[in-house]
1. Would you mind stating whether residue 193 is modelled with pLDDT under 95, within 21 Å of residue 5 (Cα to Cα) and under 16 Å from the mean Cα position of the chain (by Cα)?
2. Does any residue in the stretch 11-34 that is at positive phi and touching a residue at least 12 places away in the same chain (Cβ under 8 Å) come within less than 8 Å, Cβ to Cβ, of a residue that is surrounded by fewer than 17 Cβ atoms within 10 Å (Cβ to Cβ) and in a loop (DSSP other than H, G, I, E, B) six or more places away or on a different chain, and which pairs are these?
3. Would you mention how many residues in the stretch 204-226 are in a helix (DSSP H, G or I) and either in contact with a strand residue (DSSP E or B) (Cβ under 9 Å, 6 or more places away or on another chain) or under 23 Å from residue 152 (Cβ atoms) (or both)?
4. Restricting attention to the stretch 137-175, report how many residues are under 15 Å from the mean Cα position of the chain (by Cα) and closer than 22 Å to residue 8 by Cβ.
5. Of the residues 201, 196, 175, 162, which single one is more than 30 Å from residue 25 (Cα to Cα) and in contact (Cβ under 8 Å) with a residue 40 or more places away in the chain?
6. Could you check how many residues of the stretch 39-71 are assigned to a loop (DSSP other than H, G, I, E, B), within 21 Å of residue 220 (Cβ to Cβ) and in contact with a helix residue (DSSP H, G or I) (Cβ under 9 Å, 6 or more places away or on another chain)?
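The values are calculated or read from the model by the stated rules, or taken from the named source; none is laboratory data. Note that this is a predicted model, so its numbers are computed, not measured. Positions of Cβ are generated from backbone atoms using ideal geometry, with glycine treated the same way; all protein chains shown enter the neighbour counts.
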């Protein structure tokens, strides 16, 4: 059972429609034990300023019995894997996704896209690449999975992709298969833009069932395992 949602958006993203409190309330109803608030970085049209991410500590650790993880969906803004959140703000966050959006960067070649994701995964502050199965930004899946393994990072399987990123299903299934073959852990994100979708993994579960993904490779199935990852992450970053 998936009890953690590592990719959600609040009204602060500019094109989402629920507050943190509304998200937490619905998460509790849906049996979600933890969720990450990962509003878009400032390169996205309508996104919050950097000060928003510097002030996330004001959100309580728990609301309605649900643990709130303070994070961001950072935008990749060049093909060297640069993102739109400076290190001074990344240091204050608990979980960082990095992803492509064509409003923030022009789609290019498979080689460019792959290079960007590999370099993003190399960044010590980035935990996962979000919706990497998007065919608009086609990548060399083997190379991206190998980078995730090398840097001990996650590949996201994104529930929203099957709705808004046409053609993602084939790539997502291939990512899941390659992660399974290589022992690379995945994260499952609803990519919720309204509270009712927090914890909605209907399409993700179909993919994971098809490839028979081992539960131990799905980080979202265990609160204890995810909290241990966050603890080790804090230790790792403190040593930089």
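1. no
2. 14/45; 14/46; 31/1
3. Residues in the stretch 204-226 being in a helix (DSSP H, G or I) and either in contact with a strand residue (DSSP E or B) (Cβ under 9 Å, 6 or more places away or on another chain) or under 23 Å from residue 152 (Cβ atoms) (or both): 15 in total.
4. 12
5. Numbers: 201 fails: more than 30 Å from residue 25 (Cα to Cα); 196 fails: more than 30 Å from residue 25 (Cα to Cα); 162 fails: more than 30 Å from residue 25 (Cα to Cα).
The conditions single out 175.
6. Residues that pass the stated criteria total 4.
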